[in-house]
Amino acid sequence: MLKRRGILFVISSPSGAGKSTIARMLLKSDPTLAMSVSATTRPIRPGEVDGKDYNFVDLDTFKQMVADGDFLEWAHVFGHRYGTPKKPVYDNLAAGRDILFDIDWQGAQQLFQQAGGDVVRTFIFPPSIEELEARLRKRGTDSDEVIDARMARAASEISHWDGYDYVLVNEVAQDCFEGVKNILDAERHKRSRQTGLIGFVRGMSKAG
Ligand code: GDP
Ligand code: ADP
Ligand code: 5GP
């Protein structure tokens, strides 16, 4: 048996490109994968579950969490604050689990620094800007003003794509999901991630 340390697996994209959709498919396909549930000050959307999609908190609570050092990273995104709670990440890593992060480019950069570069970063493109807008509208969770603001930020988010290890286009969700899953699988098998041999394999390597 091989023993390896957990992977911090980041997915970013412009809003509406489908990263939450892909994240949900990954979590469903792999019960061993943990999701990092962020805290946010943005209002809850219809269909979202507090504690599952996000921990929805008010500004004062968020500021207190920052002051208490509760976040691994946090950032302003679309006029609200989003942060990655530290404790669940440490707990999951200690339990040997890989962790999925749905965070923006600022979060990816901060996490990369916190983890000494040991992060796998994947960026998801929409097939086109027109399709991005169509998906945001079809999702039906945001007002026209919010959609306009997210569209206005899309180009600037895409400009950070060079800070990622892998890039995919989310044309057909199933294909994109399989692509991301293949990346995770390959990363799991990297020689550099294996911290040692356990059980009979260690005996075999000694015998050899
Ligand atoms: P307000 O002063 O509470 O209205 O909030 P602001 O929007 O002015 O920002 C509060 C603080 O957060 C400022 O000191 C910003 O420099 C800082 N800040 C903005 N963006 C980021 C970020 O991405 N990461 C971190 N760690 N701090 C940020
Ligand atoms: P993000 O998390 O990046 O903001 P979502 O996962 O919420 O994006 O996806 C935005 C909308 O687009 C949702 O309504 C989702 O069902 C839809 N969607 C996601 N991927 C695809 C795809 N490949 N083809 C068509 N629609 C998609
Ligand atoms: P949404 O409001 O659509 O759920 O998320 C808006 C953006 O915030 C997305 O780009 C998402 O990846 C990002 N985001 C969500 N949680 C976090 C977090 O904890 N930290 C950072 N830096 N970004 C986050």
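At a glance:
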read-out: Separation of alpha-carbon centers, the range 36-52 and the range 66-128, rounded to whole Å; value: 16 Å
read-out: MRE, 222 nm, helices only [DSSP H, n ≥ 4, -39500 (n - 2.57), over the chain, to nearest 500]; value: -13000 deg cm²/dmol
read-out: Residue 87 - accessible surface, heavy atoms, 1.4 Å probe, Å² rounded to 10; value: 140 Å²
read-out: Tilt relative to the chain, helix 173-188 - C-alpha long axis, 0 to 90 degrees, to 10; value: 40 degrees
read-out: Net length gained if the chain between residue 86 and residue 162 were fully extended (0.36 nm per residue, minus Cα distance); value: 24.7 nm
read-out: 17 Å Cα-Cα reach of residue 86 towards lysines, excluding residues that sit fewer than 8 places from it in its own chain; value: 52, 63
read-out: Cα-based reach from residue 3 at 18 Å (exclusive), listing lysines while leaving out same-chain residues under 8 positions away; value: 190, 206
read-out: Sulfur and carbon atoms: percent of accessible area, the chain [1.4 Å]; value: 55 percent
read-out: Virtual spin-label span in nm between residue 188 and residue 153, 7 Å along Cα→Cβ; value: 3.2 nm
read-out: Contour excess over end-to-end distance, with Cα ends at residue 49 and residue 63 and 0.36 nm allotted per residue; value: 2.8 nm
read-out: Per-residue SASA entry for residue 97, accessible area with 1.4 Å probe, Å² rounded to 10; value: 80 Å²
read-out: Positive-end residue, the chain charge dipole about Cα centroid, Cβ charges, pick of 2, 100, 25; value: 2
read-out: Degrees between helix 19-29 axis and first principal axis of the chain (Cα, 0 to 90, nearest 10); value: 40 degrees
read-out: Long-range HN-HN contacts of residue 55 with modeled amide H, under 5 Å; value: 38, 39, 40
read-out: Crossing angle, helix 105-114 versus the chain [Cα axis fit, 0-90 degrees, rounded to tens]; value: 30 degrees
read-out: Sites residue 27 and residue 76, calculated FRET efficiency, Cβ-Cβ separation with R0 30 Å, nearest 0.05; value: 0.65
read-out: Relative contact order (%) - the range 1-127, alpha-carbon pairs under 8 angstrom, separation at least six; value: 44 percent
read-out: Nearest-20 debye value, the chain charge dipole, Cβ charges on Lys, Arg, Asp, Glu; value: 1160 debye
read-out: Surface per residue (accessible, 1.4 Å probe) for the range 73-208, Å²; value: 55 Å²
read-out: Within a Gaussian network of the chain (alpha carbon springs, distance under 10 Å), most fluctuating of 104, 185, 118; value: 185
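The values are calculated or read from the model by the stated rules, or taken from the named source; none is laboratory data. None of the values given here were measured: they were computed from a predicted structure. Neighbour counts run over all protein chains shown; Cβ positions are idealised from the backbone, glycine included. Side chains included, ligands, DNA and RNA excluded: accessible areas come from the protein's heavy atoms. Shrake-Rupley method; radii C 1.70, N 1.55, O 1.52, S 1.80 Å.
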